[in-house]
1. Taking the Cα-to-Cβ direction at Glu25 and at His64 and moving 7 Å from each Cα, how far apart do the two end points lie in nm?
2. Taking the Cα centre of the chain as origin, sum charge times position over the Cβ atoms of Lys and Arg (+1) and Asp and Glu (-1), and report the length of that vector in debye to the nearest 20.
3. Can you list the residues, at least 5 places off or on another chain, whose amide H is less than 5 Å from the amide H of Ile72, using H built in the peptide plane?
4. Using Cβ contacts closer than 10 Å as the measure, can you line up Arg144, Arg227 from fewest to most?
5. Rg (Å, one decimal) plus Dmax (Å, integer) for the alpha carbons of the stretch 1-71?
6. Can you give me the span-like helices of the chain, meaning DSSP H runs with 30 Å or more of Cα extent along the axis and Kyte-Doolittle mean at or above -1.0?
7. Positive end of the charge dipole of the stretch 175-297 (Lys, Arg +1 and Asp, Glu -1 on Cβ, about the Cα centre): tell me which of Ala197, Leu235, Ser214 has its Cα farthest that way.
8. Could you give the dipole magnitude of the stretch 1-131 about its Cα centre, charging the beta-carbon of Lys and Arg +1 and that of Asp and Glu -1, in debye to the nearest 20?
Amino acid sequence: MQKRILITGAAGFLGSHLSDRFIAEGYHVIGMDNLLTGNLANIEHLFPLENFEFYHHDVSKFVHVPGKLDYILHFASPASPIDYLKMPIQTMKVGSLGTHNLLGLAKAKKARILVASTSEVYGDPQVHPQKEEYWGNVNPIGPRGVYDEAKRFQEAITMAYHTFHGLETRIVRIFNTYGPRMRLNDGRALPTFFRQAIEGEDITVFGDGSQTRSFCYVSDLVEGIYRLLLSDYALPVNIGNPQEISIKEFAEEIIEFTGTSSKIVYKPLPKDDPQQRQPDITKAQNILGWQPRVSRKEGFIKTYAYFKEILEKNKTLV
Ligand code: UDP
């Protein structure tokens with residue numbers, strides 16, 4: 001019998017790629033999104049398909065889905081620092097109330113649920129690279145607290161449903177991910193640097209650029225999530241690319257890749273900006289047989305082509 005999966009945040013960057021993957025695997029996909037940061041353009045190619053349906057709904061409110069459900073992927077949330085600064089209450093609600101609603105739905109439908117957690121649960125980490133056993137260093141009342149604490153609550157309540165109700169749950173801790181369908185204006189380093197490079201603007205590096213991140217291409221992430229969902233492992237698993245780079249070097253790499261004449265300018269470092277971030281992926285390797293395959297060069301080629309296309313389209317609209 002055909003499997004039915006609910007994907008929240010389906011019109012977003014990750015949700016739309018996951019929708020594509022599960023459609024390709026032969027699932028019936030029910031997408032849900034309140035379109036706060038999601039964009040229907042990301043999934044409009046799925047609308048004509050018989051195996052896809054879409055609900056415009058905010059999962060912070062009671063969620064009703066008719067029929068059986070085998071799986072739920074909870075990917076709805078503002079996810080960039082700029083977004084959750086602008087929408088702190090919605091961010092907290094979707095991670096807490098939204099997760100609670102979806103756990104309740106999973107229980108009622110006897111479905112397996114996978115929730116999207118984040119490397120932000122580690123805060124500004126004092127352990128490097130970050131292993132799943134590390135508890136993190138989070139400022140609950142700082143600007144990132146609304147996201148970090150909502151995601152920490154999400155993990156806690158998900159484990160509570162697992163241990164108390166015996167619900168089948170999965171928790172993925174997602175590290176920085178990039179690729180086509182990322183929003184150009186979400187304030188993140190990668191789309192911002194690419195847009196600045198394409199438009200010949202200064203590249204805005206925050207602080208002295210010595211802070212590090214590790215960037216994973218979206219198809220690698222989707223493969224990791226797919227394997228985790230189908231595994232029998234209920235504890236959190238890091239999925240990300242361990243290739244770490246400083247933000248200054250990253251900006252230089254994008255300047256070289258695009259051949260732009262843009263120059264780096266330095267801006268103040270936002271409060272509580274993590275100094276270093278690199279996933280320890282031993283668990284994903286051992287349990288899921290997963291590791292990233294796409295190099296930054298390869299990922300850049302696809303992402304750059306997408307950003308250029310979007311910027312061209314915007315120009316012709318003006
Ligand atoms: N950053 C930057 N310039 C920008 C946007 C971001 O230097 O225009 C920095 C940011 O301060 C952080 C890193 O790039 O240290 C990655 O930021 P991003 O927003 O992509 O994600 P984060 O990993 O901080 O959630």
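1. For Glu25 paired with His64, the spin-label model returns 2.9 nm.
2. Working: 36 positive and 36 negative charges, 125 e Å.
I would put it at about 600 debye.
3. Answer set, sorted by chain and number: Leu6, Arg112, Ile113, Leu114.
4. Arg227, Arg144
5. Reported Rg and Dmax, both Å: 11.2, 34.
6. 296-317
7. Leu235
8. Value, rounded to 20: 580 debye.
Bear in mind that the values in this text are calculations on the coordinates, not laboratory data. Only a predicted model underlies this, so the values are computations on that prediction, with no experimental measurement involved. With ideal geometry, Cβ positions are generated from the backbone for all residues, glycine too; neighbour counts draw on all protein chains shown.
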